[in-house]
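Asks: Dropping the structure in here first, questions after.
No value in this document is a laboratory result; all are computed from the given coordinates. Not measured: the values here are computed from a predicted model. Note that each Cβ is placed from the backbone with ideal geometry, even for glycine, and that neighbours are counted across all protein chains shown.
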Amino acid sequence: MPSNDRITISHEICAGKPVIKGTRISVDFVIELLGNNWTYDDILENYPQLDKEDILSKS
């Protein structure tokens, strides 16, 4: 997996799934939202703790 300063993995958070650093939002959840035709703006509106760069680094 490429190094990414926006993603972290800890067995103490979300059972070790990769998450957006500083949140409990998993990378696979963001990918799922994008796969369900959510726009960047939809995601940012519903999850304001994310930055657009967090989403772009997943897609």
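Asks: Select from region 30-46 the residues that are of a type in the set (A, V, I, L, M, F, W, C) and touching a helix residue (DSSP H, G or I) at 6+ places or on another chain (Cβ under 9 Å) and list them in ascending order. Reasoning before the result, please.
Replies: Taking region 30-46 as the starting set, the residues that turn out to be of a type in the set (A, V, I, L, M, F, W, C) are 30-31, 33-34, 38, 43-44.
Correct list: VAL30, LEU33, LEU34, TRP38, ILE43, LEU44.
Asks: Within region 20-46, work out how many residues are surrounded by 14 or more Cβ atoms within 10 Å (Cβ to Cβ) and either in contact (Cβ under 8 Å) with a residue 24 or more places away in the chain or of a type in the set (A, V, I, L, M) (or both).
Replies: Of the residues in that region, 9 qualify.
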